[in-house]
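Reading through the structure tokens given below for one structure.
The values are calculated or read from the model by the stated rules, or taken from the named source; none is laboratory data. All figures in this text were calculated on a predicted structure; none of them were measured in a lab. Cβ placement follows ideal geometry from the backbone for every residue including glycine, while neighbour counts extend to all protein chains displayed. These area figures cover heavy atoms from the full protein model, side chains too; ligands, DNA and RNA do not enter into them. Shrake-Rupley method; radii C 1.70, N 1.55, O 1.52, S 1.80 Å.
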Amino acid sequence: MNRLRCWALILLCFVLTACSARMPLHPDQMQFSPLAFELPQVERLVLPNGIRLFLKEDHELPLVSVTAMIGAGSIGDPATKTGQGGVFASLLRTGGAGEMSPEALDEKLEHLAADFSATSDTYTTTLGLSLRSGDLRAGLGVLADVLRRPGFDVQRLELARKQAVEGVRRQDDDPGAVAQRTFMKALYGDHPLGRTPTEKTLQAVTREDLVAFHRRYSHPENLWLGISGDFSRGELKALLEELFGSWEGGAFRYQDVPPFGGVTSPSLILAQKEIPQTTILMGQVGIEKGNPDLQALRVMNFILGGGGFNSRLMREVRSNRGLAYSVYSYFQVGRLLPGPFIAGAETKSASTMEVVGLMRALIGEMRESPVPEADLQLAKESLINSFVFAFTDSHDIVTQRMRLDFFDYPDGYLETYRDKVAAVTGEDVLRVARRYLDPDRQIVVLVGDEAALDAPPSSLGLPVRPAAQID
């Protein structure tokens, strides 16, 4: 027995010695292979009638996701019918299609256990369909009917209108929504980018308007179709040609995009609301996607307010002074027109003007001197390392490629993204800050109780206007 224990002890010592010989003494001594990342591939095809297809097979689950994107959105809404695009999208989903009444369409989707939605944004109308791969033929048949033969049921139109009007009536309940609406109106004026639906404009939308919109823009050459999941490429392509092949192409005119060249006068706009805290937004017209300074601006904004707790706004306003739970900034990069630069925060009424002044000062400091090298490297590494997380979902990858095609991004945009971020210098950050940030040209919006503020709004030195003047 003693001999067995002796051999066991010898064996244990041998194992421990071997393990310790392989284990680094310190984490700094650990070595790893370089991280390799290749962009996922998406197949792009064009059907004979002009429909653009973006396909990615993924057989992990017996599911298929489909996104159909029509190249027309709310940017084309007449001023007197603002909100028409949203009503159109709602009726695509709920108004019946082909030989199916609205009720029959709902029952069909329920029978398929399919998730089907329709939304409208500035430039597009998008349909989303998710279902079991075994029901793909039936699901794509429904999608084809909706795209080609929507019903626009009158009763469902009235229901959609009532729901939209109720949303308008309740929009002032949320201070953040009030601030966003006021800010965009002040920045873009009567341009479609500055408009929001009202009860009057929604009441003006007719079924004939929806039919005309569909007739004009639901066209094979204006349709982008992204499909991912458990399907066979050859069988899917044959099915699409069967369902959509008879849809004739031909002459077609894309939706007009009204240009924006306005110059915004700096001012402070106050939306009076008797609440114990103030919602703050400030900013100016920014850039569109083709701007060569795009990646330098991404790096600059990460340092200013886009990097969470690593950003100057968060560190100074929240961490150091405890004046706000959340403070941020971002460039909403415009796809076809310049989008806004926005910095925002929420704070108690009694610290409102202090926070506004501090945010403006921090924005101004970005223009004054180069950023420290450590801040620059952290921003670039964070943006580069987070890039891979945009490719974790198969269908997100497909829709991303589809939108890059629709908005005519240059070839290699994704492939060169990391290199362009890595090439940004401290001089680039200072240059773009001086060019695209100017507190003296910015709009400031406050939603809160003027009587409870720590200083009068006029103390900022900007013209003060009530929000009612720009509605």
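For this structure, a couple of remarks:
- For the peptides 337-349, 406-418, residues were scored by their other Cβ atoms within 10 Å and the scores averaged per peptide; the highest-first order is 337-349, 406-418.
- Of the beta bridges in the chain, as assigned by DSSP with both residues counted there, near 75 percent are antiparallel.
- Magnitude of the charge dipole for the stretch 212-337, about its Cα centre and with charges confined to Cβ atoms of Lys, Arg (+1) and Asp, Glu (-1), is about 620 debye.
- Residues ALA361 and ASP293, FRET efficiency given R0 of 35 Å [Cβ-Cβ distance, rounded to 0.05]: 0.90
- Accessible area of the chain divided out per residue, in Å², using a probe of 1.4 angstrom: 50
- When nucleic acids and ligands are ignored and a 1.4 Å probe is applied, ILE287 ends up with an accessible area of around 10 Å².
- Calculated from the structure at hand, Cα extents along the principal axes in Å is found among [x] 92, 67, 45; [y] 63, 48, 43; [z] 76, 54, 48 as [x].
- In order along the stretch 77-90, phi translates into HN-Hα couplings of 4, x, 4, 7, 10, 4, x, 4, x, x, 5, 4, 4, 4 Hz, rounded to whole numbers, per the Karplus curve 6.51 cos²θ - 1.76 cosθ + 1.60 with θ = phi - 60° and x for Gly and Pro.
- Surface composition of the chain: carbon and sulfur atoms hold 53% of the protein heavy-atom accessible area at a 1.4 Å probe.
- Theoretical gain in end-to-end length, ARG44 to ARG465 [0.36 nm per residue, Cα-Cα removed]: 146.5 nm
- Heavy atoms of ILE384: accessible area, 1.4 Å probe, square angstrom to 10: 40
- Computed 3J(HN,Hα) for the stretch 96-105, one whole-Hz value per residue from the Karplus formula 6.51 cos²θ - 1.76 cosθ + 1.60 where θ = phi - 60°, is x, 6, x, 8, 8, 6, x, 5, 5, 5, glycine and proline marked x.
- Annotation: extensible slack from VAL263 through ARG137 equals 40.2 nm (criterion: 0.36 nm per residue apart, minus Cα-Cα distance).
- Multiplying the residue separation of ARG149 and ALA374 by 0.36 nm and removing their Cα-Cα distance gives an extension gain of 75.2 nm.
- Normalising the average separation of contacting C-alpha pairs (under 8 angstrom, six or more residues apart) by the number of residues puts the relative contact order of the chain at 20 percent.
- Within the chain: Cβ-based charge dipole about Cα centre, in debye rounded to nearest 20 (Lys, Arg +1; Asp, Glu -1): 580
- For the stretch 231-245, the residues whose amide N sits under 20 Å from a probe point set 7 Å from the Cα of PHE406 along the beta carbon direction are 244.
- For the set LYS81/LYS273; LYS289/LYS380; LYS185/LYS273, the pairs lying more than 25 angstrom apart at their alpha carbons are LYS81/LYS273.
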